[in-house]
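Everything below concerns the one structure shown next.
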Amino acid sequence: MIQHHLILRVVTKLLVGTIIVFALYVQFHGDFSPGGGFQAGVIMAVAFIIYGIVFGLEKVKQVFPAWIVHKMVALGVLIYAGTGVVSMFLGYDYLDYGAFSPHHPTHGQHWGLLIVEFGVGVTVTGVMVAIYYAFAGRPPAISDEDW
Amino acid sequence: MIELFVNFVLFTMLVLTALAIVRIDRLFAVVMLSGVFSLLSALLFVTLDAVDVAFTEAAVGAGISTVLMLSTIALTKPVQKKPRHNALVPLIVVGVTGATLIYGTLDMPAFGAKDTPAQNHVAALYLERTPTDIDVPNAVTGILASYRGFDTLGETGVVFTAGIGVLLLLSGLARRREEEGEEQ
């Protein structure tokens, strides 16, 4: 069990919450400011990765189990593609967000952007954390002192 | 004037970082420098007003890839192997490829030019119609998710496929080793 320096651990605990809030801001404020699903997904994943680096893989897997991460990888694509299927069932083109609010097409667009970006964010978070788990889960060849 | 100066400084630092990456043998320093390289590129994107791209470059290039490269080094060795072959052939290959690339840039529009093909095609139409069609202040999000919704679905599919590929490659091996260990 790695026990990193006290300052690192305290600062990480302070940072993780802030990073998650910032990721949510980037995710849901993407229509108004730079950012969107891709960036938010990466930032969200960073929150878990930094926790994993400082406290160890076992701890972060208790917070965010691998099976949820793997489900998220597929869930995001399903949300995105499913949005298109729903708009098709409502009688519009595939991924035509006007379908969600026929009287106010721009409102429908807002809903569509929000849902689709959410799907992107879920997949990107899942993939980034899954790749980190896959890399960090293998036995390291170098001990901490060799760096 | 000040913009030219900023671009000049940033490009100089990019080249210096790249040269340092080539020179250094310790892979830990190389990974850190590649993070610096990504941050400098992100700054360049900011000067080009491509804030969304800069954001992605800073988060992915400087954040995630640095962590992944460090994890990779932890699985291998922290110092680069001494080359066993003559450096002449690789040098020629790199030289020819570099010359070809530079030759290719001769036909490209000037740095930051506004009359590039990318600007003249549908971009103006998107910028003009985003306020009435989609009504969001950030036109990039509108283009990305609505006008180009199919492309972004494809991109999400690429991220999905990449993730599945890495998972199959790495976790499959771990499980096979576990099973072999149990048999022994």
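The values are calculated or read from the model by the stated rules, or taken from the named source; none is laboratory data. Only a predicted model underlies this, so the values are computations on that prediction, with no experimental measurement involved. Backbone-built Cβ (ideal geometry, glycine too); neighbour counts: all protein chains shown. When the accessible area is computed, the model is the full protein with side chains, heavy atoms only, and any ligands, DNA or RNA have been set aside. Shrake-Rupley method; radii C 1.70, N 1.55, O 1.52, S 1.80 Å.
What the table below lists for this structure:
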item: Given (1) within 12 Å of the chain's Cα centre (by Cα); (2) open to solvent by less than 70 Å² (accessible area, probe 1.4 Å), number of the condition A:L24 does not satisfy; result: (2)
item: Matching residues, the stretch A:116-142, being open to solvent by less than 60 Å² (accessible area, probe 1.4 Å) and free of Cβ contacts under 8 Å to residues at least 40 places away in the same chain; result: A:I131, A:A134, A:F135, A:R138, A:I142
item: Residue within the stretch B:31-42 that is within 12 Å of another protein chain (Cβ to nearest Cβ), open to solvent by less than 40 Å² (accessible area, probe 1.4 Å) and touching a residue at least 60 places away in the same chain (Cβ under 8 Å) present; result: no
item: Enumeration of residues in the stretch A:59-112 that are of a type in the set (S, T, N, Q), facing chain B (nearest Cβ under 7 Å) and not in a helix (DSSP H, G or I); result: none
item: Number of positions in the stretch A:113-134 that are at the interface with another protein chain (Cβ under 7 Å from one of its Cβ atoms) and either more than 30 Å from B:L70 (Cα to Cα) or of a type in the set (D, E, K, R) (or both); result: 3
item: Candidate set: the stretch A:8-21, residues that are at pLDDT 90 or above and aliphatic (A, V, I, L, M); chosen: the one most open to solvent (accessible area, probe 1.4 Å); result: A:L14
item: One residue from B:L4, B:L39 being within 18 Å of the chain's Cα centre (by Cα), closer than 24 Å to B:A110 by Cα and in a helix (DSSP H, G or I); result: B:L39
item: Check on B:T47, in contact with a Gly (Cβ under 7 Å, 6 or more places away or on another chain), of a type in the set (S, T, Y) and open to solvent by less than 50 Å² (accessible area, probe 1.4 Å); result: no
item: Those residues of the stretch B:69-119 which are open to solvent by less than 70 Å² (accessible area, probe 1.4 Å), small (G, A, S) and either in contact with a Cys (Cβ under 7 Å, 6 or more places away or on another chain) or assigned to a helix (DSSP H, G or I) (or both), in sequence order; result: B:S71, B:A74, B:G95, B:G98, B:A99, B:G104
